[in-house]
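The values are calculated or read from the model by the stated rules, or taken from the named source; none is laboratory data. Values in this document were obtained by computation on a predicted structure and should not be read as measured data. Here the Cβ positions follow ideal geometry from the backbone for every residue, glycine too, while neighbour counts run over all protein chains shown.
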Amino acid sequence: MKDKLFREILPRVSKPIRYTGNELNIIKKDWDKSRVKMVFAFPDVYEVGMSHIGGRILYGLINETTDHVLERCFAPWPDMEKIMREEGIPLYSLESYRPLTDFEVVGFSLQYELSATNILNMLDLAGIPVFSHQRTDEHPLILGGGPVAFNPEPFSDFFDLFMIGDGEEALPELLDEVERVRNLPRKEKLLRLAQMEGIYVPSLYKVTYNSDGCLSSMEPVHPDVPGRVRKRIVADLDTAYYPDKPILPYMTVVHDRAVLEVMRGCQRGCRFCHAGMVYRPVRERSLETLRRQARAQLGNTGYEEISLASLSTLDYTGVHPLVKGLVEEHGAQGVGVALPSLRVDAFSIDLANEVQKVRKTTLTLAPEAGTQRLRDVINKNVSEQQLFEAVEAAFKSGWLSIKLYFMIGLPTETEEDLDGILNLLQEVKRIGDQYSPRPVEVRASIACFVPKAHTPFQWQPQDSIEVLQQKINYMTRRRRKGIKLSFHDSRVSYLEGLIARGDRRLGQVIYKAWQNGAVFDGWSEYFHFEYWQKALAEAGIDPDFYVTRPRSYEELLPWDFIDSGISKAFLRHENEKALRGETTLDCRLEDCTGCGVCPSFEVEVDLRGEIAGAH
Amino acid sequence: MRIRAEYSIGPELRFLSNLDTMHMMERALRRAKIPFALTEGFNPHIRLSMGTVLPVGLWGKKEYFDLELAQAMPLDELRDKLNQVLPAGARIEQVRPIDDNAPSLMKAVNCAAYGFLIRMPEEDISNICQNILKSDSLPVRSRGKKKGVDKDLRRGIYKLDLQPSDECFCLMIWVGTGEPLNIRYDELLDLLQQQGVPSEAILDVFREGNYIRVNERLYSPLEG
C-alpha cells in the first residue's frame with residue numbers, strides 16, 4: 001500500500017506531502033497490543049486539520065495516556081480523491097496506512113457546518129455506508145464531536161453516535177466502554193453507549209412534527225436512554241492533558257506554530273457567539289503550567305512562534321506576565337509570541353510592545369458592529385473610544401497594518417449601522433496615517449451573521465441572500481479609498497444557517513447535495529450553490545423555514561435536548577435585553593448573570609493568573 | 001562563523017518542497033539548540049540559505065545549505081546534534097567552515113547529477129546513451145519559464161555514466177544548472193522517453209549531487 005502510494009500515486013497529485021504521514025513526533029503504536037483502534041477523521045484537508053488544537057489534544061491524550069490507539073485521516077483534495085477512486089485505494093490513516101474499515105471507531109471532528117458533504121465523501125471513500133442504518137456489525141462506529149455537534153440533528157442520519165462537550169475525559173471513557181461492549185450486536189452496543197454521559201445516539205430517539213412543520217416531540221425509544229444529553233466538562237483545565245510533543249507537519253499548515261490553550265470558555269457574553277455559550281464556564285490554566293508547556297512544546301518542535309489560543313486571550317487573567325515571561329525566555333532565539341484576534345478593550349500598549357519586541361504580527365481587532373447601539377444589542381462591550389485608543393496605541397508603536405472584523409445582518413440592523421462600519425474604518429485609517437510615515441493598511445473582513453443554536457439569537461431570523469447582497473452592494477458603493485473590504489459569500493452563510501439550526505430532515509438535503517457533487521463547500525473554488533438548491537428541491541424542503549423564519553419562544557427547538565448548561569430562560573432573557581439595547585456584563589467583573597452552567601454542572605469559574613487574587 | 005553543510009534527503013522525504021525542507025532544517029536547528037545567528041529587525045529569522053531547489057518527488061544524496069553561527073562550535077558536534085533531532089530520512093553528512101565572502105550556493109552551484117534507475121535490456125539502454133552523446137542537438141520542449149519553446153539540451157549535458165544496479169541500470173547524467181543553461185530533471189525524463197526509454201521502465205529518479213564546474217572539472221561545494 002505504502003509502496004504503491006509513493007511510487008504510483010503521490011507523484012501525480014498536488015502537495016503529495018499531505019498524504020505521506022511520518023512527520024516528526026508521530027505516534028505509531030503496536031497495532032496488535034492496542035485495545036480499541038480509533039481514527040480521528042478531519043473533514044477538510046491536511047493543512048486545515050493539522051491546525052486544529054482539539055485534534056492535537058485527543059491524539060496525544062489517547063496515544064500517550066491510554067492503551068487505545070488514535071490515528072489520523074484527512075479529506076483528500078479532489079485530485080487525490082479522483083486517483084484514489086480510479087486506483088481503488090480506500091481512505092487510509094496516516095500512521096499505519098490502514099483503511100478506515102480496519103478501525104473500530106471513526107471519529108469525525110465537526111468544526112464547521114459545511115464540512116457535511118466531506119464527511120459523506122470520506123465515508124464513501126473508505127467503503128463505509130454513509131447512512132448509519134445501512135451499517136452492520138462489520139463496520140466501524142461513526143462518532144461525531146466538536147462545536148457543531150451541539151446541534152447534531154442535521155447530521156443524525158450519518159452518525160451512530162455523538163460526543164457532546166469536552167473530550168479529555170469523555171473520549172477515554174467511551175473507548176473503554178466500546179471495548180466492553182465489543183461483542184454485542186450493533187443495536188445493543190449503541191444502547192449501552194447511549195447511557196454514558198455526553199453521548200447521543202440519534203437512532204434511539206423518535207421525532208414527530210406538527211402540521212406547521214415545527215418539531216412536536218423528541219423522545220427516547222428505550223427507558224434506559226436519557227431524554228436530555230448533558231455536555232461533558234473538564235472541571236480543572238490546569239491538570240487536564242495537553243500535548244507537549246505535538247506532531248510537526250512538514251508542509252506549512254494554516255496555523256503553523258506552537259499553541260498554548262490558555263483557557264477554555266469565555267463569558268463576555270456576546271449574544272451571537274456559539275462558542276461563548278456552549279463552552280462555559282471559563283477555566284484557566286496556571287502560569288506555571290503554561291510556561292512549562294511552552295518550554296516543552298518549543299523544545300520538541302523547534303517552532304519559531306507560539307500562539308496563545310482561547311476564545312478571548314486578552315481576558316486570561318495572567319496574560320501580561322505570561323507574554324512578558326515567554327518573550328524573556330524565548331525571544332533571544334527569535335521565537336515570537338502570537339496573539340489571535342484581540343479584544344478591543346483589553347488591549348494595552350504594554351502588551352502590544354511585549355509582542356512586538358520580537359515579531360510584528362498584523363493587528364486584528366473585532367468590533368463586530370459599526371455603531372454603539374448595535375454593539376450593545378449584540379453585547380460586544382466595546383466603546384468607540386476604547387477602539388480608537390487601542391488603534392492609536394498600536395500605530396504609535398509601529399504597526400502598519402490592521403484588520404477589523406465585522407458582521408452584517410445582525411438583529412435590528414439598519415443602514416445607519418452599515419454607515420457606522422464605514423465611518424469607523426475611515427477614522428481608524430485617519431488615526432493610523434497620523435502616526436505612520438506611510439499610509440497604513442486598513443482591511444475589514446465582513447461576515448454575514450448566522451444565528452446559532454444555544455445562543456440568545458437562536459430565535460432570530462437570518463437575513464435572506466437578497467437582503468445581504470443589498471447590504472453588501474450598499475457598502476461597496478460607499479467604500480473609501482485605502483480601505484479594503486472583503487465580504488463573506490452570502491450564499492455560503494445561508495447554507496451555514498440552514499444546517500446550524502436545522503433538524504434531522506436535512507439529512508436528505510446533505511445526502512443529495514453530496515450526490516449532486518458537493519464537496520469542500522467551505523472552499524470558494526469548489527462551492528456550487530446550485531448543487532444545494534437542486535438537493536433542497538429534490539428533498540422538497542423549504543430552506544427559508546430554517547433560515548429566515550423567526551421562531552417563537554414556545555417552539556420546541558431541535559437542539560433543546562442537548563443540555564449545554566445554559567438555561568433557556570437565560571437565553572430568552574438575553575434576547576429580550578438585546579432588543580432593548582441593554583448590555584450584560586461578564587460575571588467575572590460583576591455579579592453572576594444566572595446563565596446556569598455553574599450550578600447545573602457543579603463547576604466554578606476557574607481563574608489562575610497572578611492577578612486573579614483570591615481565586 | 002559561516003558554515004556549509006552537505007545533507008541527504010532520503011526517498012521517504014522526497015515529497016518535501018524546498019520551503020518544507022528549509023522549515024525542517026530551521027526547526028531542527030532550534031531543537032538541537034545550535035547557536036545560529038539571527039537577522040536583524042522586527043521579524044528575525046535564522047541566517048540559513050538553502051542551495052539549489054531539490055524538485056518535489058526526488059530524493060537527494062548531496063544537497064547543501066549555508067548557515068551563519070553566532071558562536072563558533074566544533075563542526076562534528078554540530079553535525080551530530082542535528083542528526084539526533086532530524087527526522088528519519090534527513091541526515092547531515094559533512095559540515096565545513098567557509099569563507100565569509102564565499103559566493104552563495106545559488107550563485108556557485110552550476111552543475112547537478114541526476115540518477116535514473118532504468119529496467120531495460122543492456123544493449124538498448126547503452127545504445128540510447130551513445131546516441132545522446134553522438135547527437136549535435138537534442139531539442140526538448142522546455143518545462144521551465146519559457147514553456148512551449150524548444151530547448152537544446154545537448155550543450156548542457158556534460159557527462160553520462162551507466163552502471164548495472166540490481167537487475168537494472170543506473171544512468172547518471174551531469175547537466176548544467178542555473179546560468180547559462182538550466183536543465184531540469186523532467187526535461188531529461190522527456191529526453192529519455194524521446195530516445196526510446198518507456199516511462200514505466202524508469203523506476204526511480206534522484207539527484208546524486210550538486211557541483212561547481214570550473215574548466216570542465218567538477219568540485220564539491222564543500223571545496224569552494
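Return the only residue of A:552, A:600, A:564 being surrounded by 15 or more Cβ atoms within 10 Å (Cβ to Cβ) and of a type in the set (Ser, Thr, Tyr).
Unique residue meeting the criteria: A:564.
So the check is Cβ under 8 Å with 6+ separation or different chains; which pairs have a first residue in the stretch A:561-575 that's within 14 Å of residue A:457 (Cα to Cα) and assigned to a helix (DSSP H, G or I) and a second one that's at pLDDT 95 or above and charged (D, E, K, R)?
Qualifying pairs under 8 Å: A:568/A:560; A:574/A:271; A:575/A:271.
Could you list all residues from the stretch A:104-120 that are among the aromatic types (Phe, Trp, Tyr) and touching a Lys or Arg at 6+ places or on another chain (Cβ under 9 Å)?
Within the stretch A:104-120, none qualify.
Using the structure shown, decide if residue A:299 is within 14 Å of chain B (Cβ to nearest Cβ) and either free of Cβ contacts under 8 Å to residues at least 40 places away in the same chain or on the phi > 0 side of the Ramachandran plot (or both).
Here the answer is yes, as residue A:299 does meet what is asked.
Any residue in the stretch A:32-40 that is in contact with a strand residue (DSSP E or B) (Cβ under 8 Å, 6 or more places away or on another chain), of a type in the set (S, T, N, Q), under 14 Å from residue A:94 (Cα atoms) and outside the structural domain of residue A:308 (by TED's automatic domain parsing)?
The answer is no; no qualifying residue exists.
Every residue in the stretch A:27-58 that is of a type outside the set (Lys, Arg) and closer than 15 Å to residue A:173 by Cα, please.
Matches in the stretch A:27-58: A:36, A:38, A:58.
When only residues in the stretch B:6-15 that are surrounded by fewer than 23 Cβ atoms within 10 Å (Cβ to Cβ) and closer than 15 Å to residue B:83 by Cα count, which is farthest from the other protein chains (Cβ to nearest Cβ)?
B:6
Being away from chain B (no Cβ under 14 Å), crowded, with 20+ Cβ neighbours inside 10 Å and touching a residue at least 12 places away in the same chain (Cβ under 8 Å): is that true of residue A:59 here?
For residue A:59, the condition - away from chain B (no Cβ under 14 Å), crowded, with 20+ Cβ neighbours inside 10 Å and touching a residue at least 12 places away in the same chain (Cβ under 8 Å) - is met.
Only one of (1) touching a residue at least 60 places away in the same chain (Cβ under 8 Å); (2) closer than 26 Å to residue B:205 by Cα; (3) not β-branched (Val, Ile, Thr) fails for residue A:86. Which number is that?
The number of the failed condition is (1).
Which of (1) under 29 Å from residue A:528 (Cβ atoms); (2) over 20 Å from the mean Cα position of the chain (by Cα) is the odd one out, the single condition residue A:118 does not satisfy?
With (1) under 29 Å from residue A:528 (Cβ atoms); (2) over 20 Å from the mean Cα position of the chain (by Cα) applied to residue A:118, the lone miss is (2).
Suppose we filter A:467, A:440 for residues that are in contact with a Lys or Arg (Cβ under 7 Å, 6 or more places away or on another chain) and either touching a residue at least 40 places away in the same chain (Cβ under 8 Å) or over 25 Å from residue A:379 (Cβ atoms) (or both); which single one remains?
Exactly one of A:467, A:440 is in contact with a Lys or Arg (Cβ under 7 Å, 6 or more places away or on another chain) and either touching a residue at least 40 places away in the same chain (Cβ under 8 Å) or over 25 Å from residue A:379 (Cβ atoms) (or both), namely A:440.
Restricting the stretch A:302-325 to residues that are assigned to a strand (DSSP E or B) and surrounded by 20 or more Cβ atoms within 10 Å (Cβ to Cβ), which is nearest to the other protein chains (Cβ to nearest Cβ)?
A:306
I'd like the full set of residues that are hydroxyl-bearing (Ser, Thr, Tyr) and either under 27 Å from residue A:151 (Cα atoms) or crowded, with 21+ Cβ neighbours inside 10 Å (or both), limited to the stretch A:251-281.
A:279
For residue B:100, work out the one condition from (1) touching a strand residue (DSSP E or B) at 6+ places or on another chain (Cβ under 6 Å); (2) more than 30 Å from residue B:189 (Cα to Cα); (3) within 14 Å of chain A (Cβ to nearest Cβ) it doesn't fulfil.
Residue B:100 satisfies all of (1) touching a strand residue (DSSP E or B) at 6+ places or on another chain (Cβ under 6 Å); (2) more than 30 Å from residue B:189 (Cα to Cα); (3) within 14 Å of chain A (Cβ to nearest Cβ) except (3).
Would it be correct to say that residue A:128 is hydrophobic (A, V, I, L, M, F, W, C), outside any strand (DSSP E or B) and touching a residue at least 60 places away in the same chain (Cβ under 8 Å)?
no
Could you check the stretch A:149-172 and list, in sequence order, the residues that are in contact with a strand residue (DSSP E or B) (Cβ under 9 Å, 6 or more places away or on another chain) and part of a helix (DSSP H, G or I)?
Listed by number, the residues that qualify are A:149, A:150, A:153, A:155, A:167, A:168, A:169, A:170, A:171.
Considering A:219, A:284, A:197, A:188, which residue is crowded, with 22+ Cβ neighbours inside 10 Å and more than 18 Å from the chain's Cα centre (by Cα)?
The conditions single out A:284.
Within the stretch B:40-57, does at least one residue satisfy the condition of being within 28 Å of residue B:184 (Cβ to Cβ), within 10 Å of chain A (Cβ to nearest Cβ) and either buried (at least 21 other Cβ atoms within 10 Å of the Cβ) or under 14 Å from the mean Cα position of the chain (by Cα) (or both)?
Looking for residues that are within 28 Å of residue B:184 (Cβ to Cβ), within 10 Å of chain A (Cβ to nearest Cβ) and either buried (at least 21 other Cβ atoms within 10 Å of the Cβ) or under 14 Å from the mean Cα position of the chain (by Cα) (or both), one finds at least one in the stretch B:40-57, hence yes.
Criterion first (in contact with a helix residue (DSSP H, G or I) (Cβ under 7 Å, 6 or more places away or on another chain) and within 13 Å of another protein chain (Cβ to nearest Cβ)) does residue A:109 satisfy it?
Against the criterion (in contact with a helix residue (DSSP H, G or I) (Cβ under 7 Å, 6 or more places away or on another chain) and within 13 Å of another protein chain (Cβ to nearest Cβ)), residue A:109 does not qualify.
Please specify each residue of the stretch A:331-340 satisfying the condition of being within 14 Å of another protein chain (Cβ to nearest Cβ), surrounded by fewer than 22 Cβ atoms within 10 Å (Cβ to Cβ) and out of contact with any His (no Cβ under 7 Å at 6 or more places or on another chain).
The answer is A:331, A:332, A:333, A:338.
Given the residues A:211, A:216, A:203, which is the only one that is in a helix (DSSP H, G or I) and within 22 Å of residue A:508 (Cβ to Cβ)?
Residue meeting the stated conditions: A:203.
Just to be sure I understand the filter: pairs with C-beta atoms under 7 Å, separated by 6 or more residues or on different chains, first member in the stretch B:208-223 and closer than 18 Å to residue B:95 by Cα and free of Cβ contacts under 8 Å to residues at least 12 places away in the same chain, second member among the hydroxyl-bearing types (Ser, Thr, Tyr) and crowded, with 17+ Cβ neighbours inside 10 Å. Which pairs pass?
Between residues of the stretch B:208-223 that are closer than 18 Å to residue B:95 by Cα and free of Cβ contacts under 8 Å to residues at least 12 places away in the same chain and residues that are among the hydroxyl-bearing types (Ser, Thr, Tyr) and crowded, with 17+ Cβ neighbours inside 10 Å, the close pairs are B:219/B:211.
I'm checking my understanding of the structure. Among residues of the stretch A:222-250 that are among the charged types (D, E, K, R) and assigned to a loop (DSSP other than H, G, I, E, B), which one is surrounded by the most Cβ atoms within 10 Å (Cβ to Cβ)?
A:231
Looking at the stretch A:14-31, I want the residues that are within 7 Å of chain B (Cβ to nearest Cβ) and have a partner that is surrounded by fewer than 21 Cβ atoms within 10 Å (Cβ to Cβ) and part of a helix (DSSP H, G or I) with Cβ atoms under 7 Å, at least 6 apart or on another chain. Which pairs are those?
Pairs that qualify, where the first residue is within 7 Å of chain B (Cβ to nearest Cβ) and the partner is surrounded by fewer than 21 Cβ atoms within 10 Å (Cβ to Cβ) and part of a helix (DSSP H, G or I), are A:17/B:20; A:22/B:12.
Per-residue answers, yes or no, for (1) touching a residue at least 12 places away in the same chain (Cβ under 8 Å); (2) over 24 Å from residue A:409 (Cβ atoms); (3) surrounded by 23 or more Cβ atoms within 10 Å (Cβ to Cβ); (4) in contact with an Asp or Glu (Cβ under 9 Å, 6 or more places away or on another chain):
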site: A:495; (1), (2), (3), (4): yes, no, yes, yes
site: A:518; (1), (2), (3), (4): yes, no, yes, no
site: A:537; (1), (2), (3), (4): no, yes, no, no
site: A:540; (1), (2), (3), (4): no, yes, no, no
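Tell me, which residue of the stretch B:58-81 that is within 11 Å of another protein chain (Cβ to nearest Cβ) and surrounded by 17 or more Cβ atoms within 10 Å (Cβ to Cβ) is farthest from residue B:220 (Cα to Cα)?
B:58
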